[in-house]
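Some notes on the structure that comes next.
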Amino acid sequence: MPTSVSGGTLAPVDAVGRGRAADRRPVRPALDQPCVWRTTACGRSRPISDHVQPTAQSNALSPSVISARINLDAPVEGMMDKLSLHNPLFNTYVVAATLMILKVVGMSWLTVMRMMQVKGGFRSPEDLKKTALNPHPNPTQTQPNESVDRIRRMQLNDLENVPFFLVAGFLFVLTDPPLLLAQWLLYGYVISRFAHFAAYFTARTHDTRAALWTIGSLMLVFITCWTLVAVLRA
């Protein structure tokens, strides 16, 4: 048994002594807890066993923090509501936009159909090579063909107008205009474009085409100006 000198005699180290000696050993923190160290008066570093752990109350969000987060999320939620198909305004725009996209894409197919019907209206020299689709090539196939070029001119007119409508119409519905006004303008523009197509396809006079184009163009200008005024007032 370990002993110590006390008054000239050997005495066993009592349990209290062993307990005090154990108190002087550094306590290792648990592996799953952060270890915080401090320097004692004698220059030694030891872990702080009474490290403050976060409590449920400290992790709870204060009402002011919750309110701030709600205020930050509100604009995003409002924007998503506007861009929902359940929103009649956005639904109106989607119908008008998809019809216009299908019309422009359809013009390409109509051009191909016309080229196959007349076996002409080709644009490039390599189109005169003999293939399964052109078994009897002819040098006249690359010459201008009015029936094919008419479709090309119609598509070019669409490409000069429809992209602006797609952008302006989208911005227009974000301003929350009256539903009836939006339907009149967006659907009215679509009708004017199909009417212009019919007039061009049937070779109506230039005055007829110009009148139908003017109607759609004025609607597009109104939509754009409405959006601009709404932004300036915001």
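The values are calculated or read from the model by the stated rules, or taken from the named source; none is laboratory data. What you see is a predicted model, and the numbers here were worked out from it, not measured in a lab. Neighbour counts run over all protein chains shown; Cβ positions are idealised from the backbone, glycine included. Surface areas here come from the heavy atoms of the whole protein model, side chains and all, with no ligands, DNA or RNA. Shrake-Rupley method; radii C 1.70, N 1.55, O 1.52, S 1.80 Å.
Structure data summary
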{"quantity": "Within-9-Å neighbourhood charge of MET100 [Cβ basis; K, R +1; D, E -1]", "calculated": "+1"}
{"quantity": "Cα-projected label distance for THR208 with VAL229, points at 7 Å along beta-carbon direction, nm", "calculated": "3.5"}
{"quantity": "Set of the stretch 214-234 residues, backbone N closer than 18 Å to the point 7 Å along the Cα-Cβ line of VAL167", "calculated": "217-232"}
{"quantity": "Those lysines that a straight Cα-Cα span of less than 18 Å connects to LYS129, excepting residues fewer than 8 apart in one chain", "calculated": "LYS119"}
{"quantity": "Modelled FRET efficiency - R0 30 Å, GLU146 with SER217, Cβ distances, 0.05 increments", "calculated": "0.70"}
{"quantity": "Exposure ranking of VAL104, VAL167, VAL118 by accessible area [1.4 Å probe, largest first]", "calculated": "VAL167, VAL118, VAL104"}
